[in-house]
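Peer 1: Below is a structure I'd like to ask you about.
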Amino acid sequence: MSDDAVSPRIIRKKTGHFLEDFAPGQVFRHKGGKTITEGLFTTFTEFAMTTHPLAKNARYARAYGFEGLVCPPGLVMLVAFSQTVEDVSENARANLEYIDMKFGAPVYVGDTIEVETKVLGLRLSSSRPNLGIVHVQSTARKNIGEAGEAIVATWQRKVQVYKSDETASIENFEVPADEIECELWLPAYDAQAKLAELAHLSSGDSYFEDLEPGTRIEHSRGRTMTDEHISMTAILDNTSQVHCNQYMIDLNPKQYVGGQLIVFGGIPFTLCLGLSCPDVGDNALGDVIYTTGKHTAPLQAGDTVFAATEILDKRDMPGREDLGIVSTRLFGYKFVRAEGEASDDAPEGWKKVQIFELDRQLAVKRRSHYA
Amino acid sequence: MSDDAVSPRIIRKKTGHFLEDFAPGQVFRHKGGKTITEGLFTTFTEFAMTTHPLAKNARYARAYGFEGLVCPPGLVMLVAFSQTVEDVSENARANLEYIDMKFGAPVYVGDTIEVETKVLGLRLSSSRPNLGIVHVQSTARKNIGEAGEAIVATWQRKVQVYKSDETASIENFEVPADEIECELWLPAYDAQAKLAELAHLSSGDSYFEDLEPGTRIEHSRGRTMTDEHISMTAILDNTSQVHCNQYMIDLNPKQYVGGQLIVFGGIPFTLCLGLSCPDVGDNALGDVIYTTGKHTAPLQAGDTVFAATEILDKRDMPGREDLGIVSTRLFGYKFVRAEGEASDDAPEGWKKVQIFELDRQLAVKRRSHYA
Amino acid sequence: MSDDAVSPRIIRKKTGHFLEDFAPGQVFRHKGGKTITEGLFTTFTEFAMTTHPLAKNARYARAYGFEGLVCPPGLVMLVAFSQTVEDVSENARANLEYIDMKFGAPVYVGDTIEVETKVLGLRLSSSRPNLGIVHVQSTARKNIGEAGEAIVATWQRKVQVYKSDETASIENFEVPADEIECELWLPAYDAQAKLAELAHLSSGDSYFEDLEPGTRIEHSRGRTMTDEHISMTAILDNTSQVHCNQYMIDLNPKQYVGGQLIVFGGIPFTLCLGLSCPDVGDNALGDVIYTTGKHTAPLQAGDTVFAATEILDKRDMPGREDLGIVSTRLFGYKFVRAEGEASDDAPEGWKKVQIFELDRQLAVKRRSHYA
């Protein structure tokens, strides 16, 4: 009997799906699920420099009619989105677009989030035969089968996925999206609640009356990302290796920007929401919808993130005289060294690079009713 | 219609107050507030290498008459102090002195801390026309308007703040501090509680009887700080940009020590308390007062922090024969490379630099009653 | 009176025990104890990329008959082991071997772990007169003196400890281990519970039927460690300075690999368990025993960890037709640069280095009963 005879048989499993694995209307019920612990809540709510009292101050949240501290929308998105990564985008080159991300029931510490995804479309790349765009619709529910079961978010996204076998023959397809009932839950307005007594806990100048269409707010604070992103990505169960496997990058550094790990896009997404919070977010009772959003450049450890918000439009909210809807566009930026280049919007020797953009509608309190 | 006509109007908000914004007796009710989650508790209690069973072991804490795990004083300080940063010191050059920091009710997971600050004084710098010293008194309460409402800490501090407009004309002023009732809450002594059965969970040689005035304890452990401080500072809602915005520093590196971010002072403050814990803290039932304290050199990522405690004095505690008051001075240190310099207290090629000092009184258990 | 007369007397305490401090049969009741917070749970469960629904999804855990989220065995080990470091291995050169680590009652958030250790043996090194091997047996209990008191883990280990005084005369000894009742608690099987409805939440191909003796699974994911390990080690109360005191290493860099801090072994231990989870762990109801394990090379910040599992054997579990016992060997690896060396199992310019190995038996669900 040779030595070989006793060597174990080697198994190398593929993880995630490749382009040829997606079928029209196919539904993935994602593995895992995730209970929101206070550890997760703290890590993500607060890394982003969120200033929203609903996410910081349980007394305030209860006075407003919530059960306790409320997960900010960035955290709901991070948890729900990450559940879909293994099935949808573990073998992706890039996430191209977020579409119609809507929020429903509030998420509290202790809630368990589970997500399913329907495959809506596939379109082969004309220029790159090993790639195609997959279009999916995902829905996140909380506390399935329990009293508080509810939809907490639903969204579509388009993602560029690699083939496993470059010679595989694949057909384009497109099926209609499902109609998902997902409307932002809001506590009823109670004029007797004396919420004005808590008005000092949020910004004094970010009410509905303050946000003027045609203005752009350059949020004052920046935040440097460190390699903390590796741990944060793992905490989210996001299994994509470009975020956490430096050895893979070292083997082939030219294929990756600067030979460095890339920060998971959900992290600058959430950080931009946080940086904008004192100026446009902390008097919102919730985020209604993100109609479209995308990453326009990668983020890496060492970069400092800044944000700006354009106020696009505002309107009454039907049935809620205490609130109004504000349409905004949120931008994320970083600055990179660029010796010899001159630019209006960066100091000499630097170039301003947009990394993110998101069309975002918020349900914002009126000063007339709350302060 | 020109292109300019459709460009949005740019808004750049100032954040925080500048020297000319402070008025005698003015009161800031700080934004946000903060509920202590188990995530926050873990991050800060344990990063500091605290060994205190009241902060680690809920069984021990309950046996002593507390409701559960007790936030160590460093965490109470970090949370409460950070709430004041935007209003008081976002535009500060340096925090000069902590004065009469007193602790009151114990803080538990789930408690919500809110803080207000009264402006006591302002004194212009004689040598630097763009700076002045602001003197404030802050008080932190928990669970306002609820059954367990209580003061958890009160303190004064002096901080060097920049003018926004260097030509602004400002008058010095000084108003009296408020009398704040803030006495350390201590569980009653119960000789029947058999607490000696838990004595193995704390150090055997840090009782009142062990701490001898005229001695200095060099605490044996050191802890290297990493760029984790950026995330920790964000978690605390401390908005000062010198702690988290590397781009700002890269634009003007000579203005900052080594062109590096500076660690928020509350972090070495808490870390020194933690490093001292096995030798002087883990048989204290609480910290009574920090009469004065200051940072004497900055800390940066990569530095290793050490601590030492001088026992200054000890005395009986009125009404509590089971406890005594121990007055100490806590020091923080780091070592920096210094080729060619010789020194008694550092190895060759290194210099010992004091970074922190705090006059600290503790209420310490007597072995006679607890072991 | 000279200046010296008023200088304080300096006290430098020794921490931990040295070789000459260990006596046959001596029992240490370790200081501190540790309550599992949601912060601790999140930090360690999720850093390791664990995919086990029992540790992620409270709805799933409750449906299986647990009280809530279940601490994975790696976290139980990390917390329990770390409690023993000050007394057993603060002055150790290396941890040589883990022996017969058994798990008992499940550990939940809110449980308080306390640990005691019995000294079983001591054997002087024949080649290095300043070292010897200490053999100990540790047992971790939860909620001592309360309703749910139970043993959660017990194990032996051998550790190489330094003498304090090289000239000390020490005798070898060996005493018998205690018989510790520690059997893995498992929820009863309930055919009515419709657990198959939750089968999509765990891997579809890691049931008892799937795990074939004689195979070896190369787990697909890697995870780069950063200097986060310093903070993680502090959170665990592991007080060994080689993990967190860079200054100590800078004073004598040649004595330490690469002049760098060494990652606490419990961290790659847990990370390897996590990396293996989707392929061999997430359909186990528990880990029964780790008969032997050891670290075979150090891990440092910047290294990327990979894992593989050999399936050694499988057998029925007496009294549980729904489960079977699978014996495995878990390996951890990293790759280091090695220009000019050729090897079958690493790309050119790299060498594969085994860092860890653990003989591990799991109680694994049968597909026939659960899916």
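Readers should treat all values here as calculations from the given coordinates under stated rules, not as data from a laboratory. Since this is a predicted model, take the numbers as computed values, not measurements. Positions of Cβ are backbone-derived with ideal geometry, glycine not excepted, and every protein chain shown enters the neighbour counts.
Peer 1: So if the hydrodynamic radius of region A:139-222 is defined as the Kirkwood radius over C-alpha pairs, what does Stokes-Einstein give as its diffusion coefficient at 25 °C and 0.890 mPa s, in µm² per second? All intermediate terms of the calculation are to be shown ahead of the outcome.
Peer 2: Details: Rh = 19.5 Å.
Answer from the Stokes-Einstein relation: 126 µm²/s.
Peer 1: Moving on to the next point. May I ask which of B:Lys351/C:Lys13; C:Lys163/C:Lys254; C:Lys118/C:Lys254 have a Cα-Cα span longer than 25 Å here? Don't jump to the answer; show the numbers that get you there.
Peer 2: Working: B:Lys351/C:Lys13 23 Å; C:Lys163/C:Lys254 21 Å; C:Lys118/C:Lys254 35 Å.
Violating the 25 Å limit, Cα to Cα: C:Lys118/C:Lys254.
Peer 1: So what is the 222 nm mean residue ellipticity for chain B from helices alone, if each DSSP H run of at least 4 adds -39500 (n - 2.57) and you divide by all residues, rounding to the nearest 500 deg cm²/dmol?
Peer 2: Details: 8 runs with 59 residues, N = 371.
Calculated mean residue ellipticity at 222 nm is -4000 deg cm²/dmol.
Peer 1: Right, here's the next one. Direction-averaged shadow area of the convex hull around the Cα atoms of region B:86-165, nm²?
Peer 2: Details: hull surface 24.8 nm².
Over every viewing direction, the Cα hull of region B:86-165 projects on average to 6.2 nm².
Peer 1: If I model a spin label as a point 7 Å beyond the Cα along the Cα-Cβ vector, how far apart are those points for B:Lys194 and A:Ile144 in nm?
Peer 2: 4.9 nm
Peer 1: Defining the label point at 7 Å along Cα→Cβ, can you sort the distances from B:Lys14 to the same site in each other copy, shortest first, in nm?
Peer 2: 6.1, 6.1
Peer 1: To continue, here is another question. Please compute the volume of the convex hull spanned by the alpha-carbon atoms of region C:1-85 and report it per residue in Å³.
Peer 2: Spelled out: Cα convex hull of region C:1-85, divided by residues, is 197 Å³.
Peer 1: Something else now. Sort all Cα-Cα distances of region A:126-273 into consecutive 10 angstrom bins from zero, then give the percent of pairs in each bin up to the one containing the longest distance.
Peer 2: 7, 19, 27, 28, 13, 5, 1
Peer 1: Could you give the spread of the C-alpha atoms of the protein assembly as shown along their three principal axes, from largest to smallest, in whole angstroms?
Peer 2: 96, 88, 60
Peer 1: Report the Rg/Rh value for region C:53-95, based on alpha-carbon coordinates and the Kirkwood definition of Rh.
Peer 2: Details: Rg = 15.4 Å, Rh = 12.2 Å.
So for region C:53-95, dividing Rg by the Kirkwood Rh gives 1.26.
Peer 1: Quickly work out the C:Asp316-to-A:Tyr162 label distance, labels modelled 7 Å from Cα along the C-beta direction, and quote it in nm with one decimal.
Peer 2: Each label point is offset 7 Å from its Cα along the Cβ direction, giving 4.6 nm.
Peer 1: What residues have an amide H closer than 5 Å to that of B:Ala150, excluding those fewer than 5 places away on the same chain, when H is modeled at 1.01 Å from N in the peptide plane?
Peer 2: Result for B:Ala150 returns B:Lys142.
Peer 1: Which residues make up the longest stretch of chain A that has no trypsin sites (Lys or Arg not before Pro) in a DSSP loop with at most 12 other Cβ atoms within 10 Å? Intermediate values should be presented prior to the final figure.
Peer 2: Working: sites that count: A:Arg12, A:Lys14, A:Lys194.
Longest gap between qualifying sites, sites excluded: A:15-193.
Peer 1: While we're on this one: How big is region C:211-257 along each principal axis, measuring the range of its Cα positions in Å and listing the largest first?
Peer 2: Result, largest extent first: 50, 27, 18 Å.
Peer 1: Let me ask another. If you rank B:Leu211, B:Leu271, B:Leu198 by fewest surrounding Cβ atoms within 10 Å, what's the result? Let's see the in-between values first.
Peer 2: Numbers: B:Leu211 24, B:Leu271 28, B:Leu198 21.
With the sparsest Cβ surroundings first, the list reads B:Leu198, B:Leu211, B:Leu271.
Peer 1: When N counts the residues of region B:233-363, how does its alpha-carbon radius of gyration compare numerically with 2.2 N^0.38 Å, as a ratio? The partial results should precede the final answer.
Peer 2: On the way: Rg = 17.8 Å, N = 131, 2.2 N^0.38 = 14.0 Å.
Rg over 2.2 N^0.38 Å, computed on Cα atoms: 1.27.
Peer 1: Over the Cα atoms of region C:142-186, what is the Rg over Rh ratio if Rh follows Kirkwood?
Peer 2: Working: Rg = 17.3 Å, Rh = 14.8 Å.
Dividing the radius of gyration by the Kirkwood radius yields 1.17.
Peer 1: Next up: Measuring from a point 7 Å out along Cα→Cβ, what nm distances, shortest first, does C:Ala371 have to its partners in the other copies?
Peer 2: Taking the point 7 Å beyond Cα along Cα→Cβ, the inter-copy spacings are 5.6, 5.6 nm.
Peer 1: Oh, and also: If the convex hull of the alpha-carbon atoms of region C:196-297 is projected onto planes in all directions, what is the mean projected area in square nanometres? Don't skip to the answer; put the middle values down first.
Peer 2: Details: hull surface 36.8 nm².
Reported value for the Cα convex hull: 9.2 nm².
Peer 1: Let me ask something else about it. What is the sum of charges around A:Phe335, taking Lys and Arg as +1, Asp and Glu as -1, for the other residues whose C-beta is under 15 Å from the C-beta of A:Phe335? Don't skip to the end; give the middle numbers.
Peer 2: Details: positive: A:Arg221, A:Arg223, A:Lys334, A:Arg337, A:Lys351, A:Lys352; negative: A:Glu218, A:Asp303, A:Glu339, A:Glu341, A:Asp344, A:Asp345, A:Glu348, B:Asp250.
Neighbourhood net charge equals -2.
Peer 1: Ratio of region C:76-115's C-alpha Rg to 2.2 N^0.38 Å, to two decimals? Before the final figure, lay out the partial values.
Peer 2: Values: Rg = 11.9 Å, N = 40, 2.2 N^0.38 = 8.9 Å.
Here the Cα radius of gyration is 1.34 times the empirical estimate.
Peer 1: Now, a different point. How are the Cα pair distances of chain B distributed, in percent, across 10 Å bins from 0?
Peer 2: In order of increasing distance, the bins hold 5, 22, 31, 24, 12, 4, 1, 0, 0 percent.
Peer 1: Looking at region B:257-308 from every direction and averaging, what is the projected area of its Cα convex hull in nm²? Please report the intermediate quantities before stating the final value.
Peer 2: Working: hull surface 17.3 nm².
The Cα convex hull of region B:257-308, projected and averaged over all directions, gives 4.3 nm².
Peer 1: Ok, one more. Among C:Gly332, C:Gly39, C:Gly132, which one moves the most in a GNM of chain C with springs linking Cα atoms closer than 10 Å?
Peer 2: Between C:Gly332, C:Gly39, C:Gly132, it is C:Gly39 that shows the largest mean-square fluctuation.
Peer 1: Taking springs between alpha-carbon atoms closer than 10 angstrom, which of B:Asp359, B:Asp287, B:Asp316 fluctuates most in the Gaussian network model of chain B?
Peer 2: With Cα springs under 10 Å in chain B, the top fluctuation among B:Asp359, B:Asp287, B:Asp316 is at B:Asp316.
Peer 1: How much of the pair distance distribution for region C:325-371 lies past 18 Å, counting alpha-carbon pairs only, in percent?
Peer 2: Values: 579 of 1081 pairs.
Distances greater than 18 Å cover 54 percent of the Cα pairs.
Peer 1: For q = 0.11, 0.23 Å⁻¹, what log10 I(q)/I(0) does region C:291-371 give under the Debye formula with an equal point scatterer on each alpha carbon and no solvent?
Peer 2: -0.45, -1.03
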